[in-house]
Amino acid sequence: MSPYLAEFFGTLLLILLGNGVVAGVVLRKTKSENAGWLTIVVGWGIAVTLAIYAVGRISGAHLNPAITVALAVNGSFPPDQVAGYILAQFAGAFVGAILVWLHYLPHWKQTTDASAKLSVFCNAPAIRSTFSNLISEIIATTVLVLAILFIGANEFTKGLNPMAVGLLIISIGLSLGGTTGFAINPARDLGPRIAHFLLPIPGKGNSDWRYSWIPVVGPVLGGMLGASIYSALF
């Protein structure tokens with residue numbers, strides 16, 4: 001498997017399991033309806049862990065354009081592969097979102113809340129404030145990149161790094177995710193948002209394009225900031 005195909009598949013798996021847990025919690029008449037924020041955050045942490053185990057040995061399991069850009073800024077990833085990785089990540093996120101839609105097909109009609117349907121695919125802020133929402137995404141992604149670089153700098157028993165990153169995602173979600181839903185990944189938000197726009201979901205409402213730039217720009221800026229801080233101090 002090429003590293004680009006690995007990034008596609010890993011991001012697809014990430015979105016299938018991550019957005020899948022959101023769908024299970026917010027859509028009507030699922031077995032896990034109303035299971036809550038903790039379920040979503042833990043589900044995302046496990047999704048990240050499994051996706052890294054799946055393709056980490058092939059591509060490094062970036063699964064996130066902010067990580068790819070950060071590692072390129074840090075000098076630990078070849079710049080000529082950045083565009084290919086990012087395209088693969090966005091494509092994987094888009095297809096993963098379509099699979100979530102298919103998996104929960106009967107539940108879209110049962111759910112009348114358009115914002116709940118949108119939340120299965122992408123993020124929305126708890127309180128809409130452009131500056132604060134952008135800062136939240138920058139801070140959370142800075143922490144993500146710094147922590148991933150910290151984890152990589154330590155010796156772990158072979159095979160434990162993905163679990164450490166999964167716990168990191170849970171920590172960020174619990175501590176910093178309550179403001180914007182912690183996108184911390186442009187592909188994770190924009191790929192599924194495009195799927196939401198295109199898919200025939202009954203009563204889906206709009207795709208909130210007015211907000212869509214924040215989960216893209218914020219994580220990229222945060223990733224670059226995290227990589228720069230690490231390079232400067234460590």
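The values are calculated or read from the model by the stated rules, or taken from the named source; none is laboratory data. Quantities reported herein were computed from a predicted structural model and do not represent experimental measurements. Cβ sites come from the backbone with ideal geometry, for glycine too, and all protein chains shown count toward neighbours. Heavy atoms of the whole protein, side chains included, go into the accessibility calculation; ligands, DNA and RNA do not. Shrake-Rupley method; radii C 1.70, N 1.55, O 1.52, S 1.80 Å.
Is it true that some residue in segment 200-218 is open to solvent by 20 Å² or more (accessible area, probe 1.4 Å), in contact with an Asp or Glu (Cβ under 9 Å, 6 or more places away or on another chain) and assigned to a helix (DSSP H, G or I)?
yes
Name the residues in segment 50-61 that are surrounded by fewer than 21 Cβ atoms within 10 Å (Cβ to Cβ) and either out of contact with any Leu (no Cβ under 7 Å at 6 or more places or on another chain) or at pLDDT below 95 (or both), would you?
Passing the criteria: Tyr53, Gly56, Arg57, Ile58, Gly60.
For the list (1) within 18 Å of Ala114 (Cα to Cα); (2) in a loop (DSSP other than H, G, I, E, B); (3) open to solvent by 10 Å² or more (accessible area, probe 1.4 Å), I need the number of the one condition that Phe182 fails.
(1)
Of all residues in segment 72-94, how many are of a type in the set (A, V, I, L, M), open to solvent by 50 Å² or more (accessible area, probe 1.4 Å) and closer than 29 Å to His196 by Cβ?
Total satisfying the criteria: 2.
When you look at Trp37, is it over 23 Å from Leu149 (Cα atoms), among the aromatic types (Phe, Trp, Tyr) and within 16 Å of the chain's Cα centre (by Cα), yes or no?
So Trp37 fits the description; yes.
Please go through segment 96-125 and give me each residue that is open to solvent by 10 Å² or more (accessible area, probe 1.4 Å) and among the hydroxyl-bearing types (Ser, Thr, Tyr), ordered by number.
Answer for segment 96-125, where residues must be open to solvent by 10 Å² or more (accessible area, probe 1.4 Å) and among the hydroxyl-bearing types (Ser, Thr, Tyr): Tyr104, Thr112, Ser115, Ser119.
Among the residues of segment 1-12, are any under 17 Å from Tyr104 (Cβ atoms), assigned to a loop (DSSP other than H, G, I, E, B) and touching a residue at least 24 places away in the same chain (Cβ under 8 Å)?
There is no residue in segment 1-12 that is under 17 Å from Tyr104 (Cβ atoms), assigned to a loop (DSSP other than H, G, I, E, B) and touching a residue at least 24 places away in the same chain (Cβ under 8 Å).
Determine whether segment 24-42 contains at least one residue that is aromatic (Phe, Trp, Tyr) and surrounded by 22 or more Cβ atoms within 10 Å (Cβ to Cβ).
No: zero hits.
For residues that are within 20 Å of Pro202 (Cβ to Cβ) and of a type outside the set (Gly, Ala, Ser), tally how many sit in segment 1-30.
8
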